[in-house]
Amino acid sequence: MLDTAAEPRLDELVHYAAKELDMPIALVSLVDAERQWFKARVGLEHAELPRNVSFCGHAICGDELFIVEDTLQDERFAANPLVTDLLKMRFYAGVPLKSPDGHRVGTLCVIDDRPRKLSEQQRELLLALAAVAAWELARVHWMPPSPAETGKIP
């Protein structure tokens with residue numbers, strides 16, 4: 001899936017996430033051993049970043065919503081170049097995206113340049129949008145096309 005073409009549904013999803021959560025950056029990222037690559041993005045010019053500075057690399061290590069409310073107050077991230085220089089990132093929330101066989105492959109995340117807290121409703125929305133993103137990735141990359149998609153309806 002890395003370096004594949006953009007998908008309009010994922011582009012729409014990150015635009016919706018950014019708008020509804022009032023975040024300047026929203027991403028669908030795919031993470032491998034060396035890098036994170038952005039399958040869909042809004043508010044960020046970079047197409048990829050090294051994994052060693054990646055917040056998404058931390059998020060995919062678990063199964064739950066991963067939140068850093070204030071990066072400068074978190075010793076794991078306070079010296080990270082995404083915080084100190086490149087993005088001036090102060091808030092991160094990401095949900096791991098899994099393949100149909102259960103492997104964590106990336107995240108749906110939102111980022112802000114100011115500290116934030118998510119309400120329970122916002123957390124639920126981010127989790128629901130992540131489920132849609134995971135489904136869309138599975139539909140496009142892992143599931144065989146339906147007869148309607150191939151034009152071969154029995």
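The values are calculated or read from the model by the stated rules, or taken from the named source; none is laboratory data. No experiment lies behind these values; they were computed from the predicted model shown. No Cβ is skipped: glycine too gets one built from the backbone with ideal geometry, and neighbour counts run over all protein chains shown. Calculation scope for accessible area: heavy atoms of the full protein, side chains included, ligands and nucleic acids excluded. Shrake-Rupley method; radii C 1.70, N 1.55, O 1.52, S 1.80 Å.
Of the conditions (1) touching a strand residue (DSSP E or B) at 6+ places or on another chain (Cβ under 7 Å); (2) at pLDDT 95 or above; (3) not charged (D, E, K, R), Leu49 clears all except one; give me its number.
All conditions pass for Leu49, except number (2).
Just to verify a result, which residue in segment 24-81, among those that are among the polar types (S, T, N, Q) and assigned to a loop (DSSP other than H, G, I, E, B), is most open to solvent (accessible area, probe 1.4 Å)?
Out of the qualifying residues, it is Asn80.
So which residues in segment 116-141 are touching a strand residue (DSSP E or B) at 6+ places or on another chain (Cβ under 7 Å), more than 18 Å from Arg35 (Cβ to Cβ) and buried (at least 16 other Cβ atoms within 10 Å of the Cβ), if there are any at all?
Within segment 116-141, Arg116, Leu118, Leu126, Leu129, Ala130, Ala133, Ala134 meet the criteria.
State which residue is surrounded by the fewest Cβ atoms within 10 Å (Cβ to Cβ) when the search covers only segment 98-115 and only residues that are in a loop (DSSP other than H, G, I, E, B) and at pLDDT 95 or above.
It comes out as Arg114.
What number of residues in segment 1-23 are assigned to a helix (DSSP H, G or I), touching a strand residue (DSSP E or B) at 6+ places or on another chain (Cβ under 7 Å) and open to solvent by 20 Å² or more (accessible area, probe 1.4 Å)?
2
Which residues, counting only those in segment 67-104, are among the aliphatic types (A, V, I, L, M) and in contact with a strand residue (DSSP E or B) (Cβ under 6 Å, 6 or more places away or on another chain)?
Matches in segment 67-104: Ile67, Val68, Met89, Ala93, Val95, Leu97.
Filter segment 44-67 down to the residues that are of a type in the set (Val, Ile, Thr) and within 14 Å of the chain's Cα centre (by Cα) and list them by number.
Matches in segment 44-67: Ile60, Ile67.
Quick test of your reading of the structure: Arg41 fulfils all but one of (1) touching a strand residue (DSSP E or B) at 6+ places or on another chain (Cβ under 7 Å); (2) basic (Lys, Arg); (3) under 19 Å from Arg123 (Cβ atoms). Name the failing condition by number.
(3)
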